[in-house]
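Working notes, structure below.
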Amino acid sequence: MSPVPTIEWQVAGACNYDCSYCIQSRRYRRGRPEAAQLEAAIATFARLPGTWELKCSGGEAFAHPLFLERVVPGLMASTSHRIGVLTNFSTTEDALLRFAAATRGRLTVFSASLHLEHTTVEAFGRKARWFVDLLDPGARFVVNQVVRPDRVDEARACRDHLRGLGLRWFPQLLKTKTGVAAYPDADDLRELIGEDPGPLVANVAPSYRGRRCHAGVLYAVVDKDGEAWSCRTAKRHGEGRLGNVFDGTFALRDAPAVCPWDICPCTVPANRGMIEGIA
């Protein structure tokens, strides 16, 4: 797969959910860029050569009061890039209508995370089925769900319900500060996610150590403070800093490097062709 240049942008640190299993500590789930900082980031992204995918996330992107007022229209008007979003899908139907209309023709993927501590799969499924019918045929709608080790049966029921509605269900193993949580029944988990699922099927946070990776060259993660990093694991270790998109110091690397890490916690790099040898 040829790399698809991608920026993952944490539009807001703050989230309107407080899930007990969230990998982000509460002290990091707060704060959001101000209007001038958002404009500076958009101007930085506008200078990227070619066409990129700008995937907005959080926290919760829709919880930022300026997401639909400044971020989305700014990206659409000032750049030629395509747009994606990762959201807990709690925003109003009116906001979803506005987002769908504003991004028409340039939306790549709408990733909606199902959190059963805050909603039911039935209510989530009804809303998702309504929204999917509003999207461009070329836009992908994916339901993400963290599979908790003690609730695999619950995840299986959600999978079956959502697939019955014609929705794509994407499981994610529960991450911890040191890696991936232990699952007591390997056979049960295998039945749910498959024998050896690739990054298009499930997020199992594998290791790509030793493979050449284009992170930092054609991929970056940008946090709520504008700090840019080559990937999530590099950021966790305080390495791979690429400058700041608010102050104009952001700069990508010139060449790919061999991955030195034992975990790739997000499937975006693999699914965008950043890791050589991964189909």
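Where a number appears in this text, it was derived from the coordinates with a stated rule and is not lab data. All of these numbers come straight from a predicted model, not from anything done at the bench. Here the Cβ is made from the backbone with ideal geometry for all residues, glycine too, and neighbour counts use every protein chain on show.
Within this structure, GLY243 passes the test of being under 22 Å from the mean Cα position of the chain (by Cα) and surrounded by 17 or more Cβ atoms within 10 Å (Cβ to Cβ). Please find, within the stretch 215-232, the residue that is nearest to ARG190 (Cα to Cα) out of those that are out of contact with any Leu (no Cβ under 9 Å at 6 or more places or on another chain) and surrounded by fewer than 24 Cβ atoms within 10 Å (Cβ to Cβ). Looking at the filtered set, the residue picked out is ARG232. Candidates in the stretch 107-117 are the residues that are under 12 Å from VAL85 (Cβ atoms) and of a type outside the set (S, T, N, Q); of these, the one that is farthest from the chain's Cα centre (by Cα) is LEU107. If the condition is being touching an Asp or Glu at 6+ places or on another chain (Cβ under 9 Å) and under 20 Å from HIS64 (Cα atoms), then the stretch 213-232 contributes VAL221, VAL222, GLY226.
Being crowded, with 19+ Cβ neighbours inside 10 Å and in a helix (DSSP H, G or I) is a property that ILE42 has. Taken together, the residues in the stretch 166-192 that are crowded, with 16+ Cβ neighbours inside 10 Å, over 21 Å from the mean Cα position of the chain (by Cα) and aliphatic (A, V, I, L, M) amount to 2.
The single condition among (1) of a type in the set (Val, Ile, Thr); (2) over 23 Å from LYS224 (Cβ atoms); (3) in contact (Cβ under 8 Å) with a residue 40 or more places away in the chain that VAL71 does not meet is (2).
For the stretch 99-113, which residues satisfy the criterion of being of a type in the set (A, V, I, L, M, F, W, C) and either in contact (Cβ under 8 Å) with a residue 24 or more places away in the chain or in contact with a Leu (Cβ under 8 Å, 6 or more places away or on another chain) (or both)? Break it down stepwise before answering.
Our first condition is that a residue be of a type in the set (A, V, I, L, M, F, W, C); within the stretch 99-113, this holds for 99-102, 107, 109-110, 112.
PHE99, ALA100, ALA102, LEU107, VAL109, PHE110, ALA112 - these are the residues of the stretch 99-113 that are of a type in the set (A, V, I, L, M, F, W, C) and either in contact (Cβ under 8 Å) with a residue 24 or more places away in the chain or in contact with a Leu (Cβ under 8 Å, 6 or more places away or on another chain) (or both).
Residues in the stretch 12-39 that are under 25 Å from LEU218 (Cα atoms) and either part of a helix (DSSP H, G or I) or in contact with a Pro (Cβ under 7 Å, 6 or more places away or on another chain) (or both): GLN37, LEU38, GLU39.
Return yes when ALA128 is among the hydrophobic types (A, V, I, L, M, F, W, C), within 19 Å of GLY164 (Cα to Cα) and surrounded by fewer than 16 Cβ atoms within 10 Å (Cβ to Cβ) and no when it is not. So ALA128 fails the test.
May I ask you to say which residue of LEU165, LEU116, LEU173 is farther than 27 Å from LEU66 by Cβ, touching a residue at least 12 places away in the same chain (Cβ under 8 Å) and in contact with a Lys or Arg (Cβ under 8 Å, 6 or more places away or on another chain)? So the residue among LEU165, LEU116, LEU173 that is farther than 27 Å from LEU66 by Cβ, touching a residue at least 12 places away in the same chain (Cβ under 8 Å) and in contact with a Lys or Arg (Cβ under 8 Å, 6 or more places away or on another chain) is LEU165.
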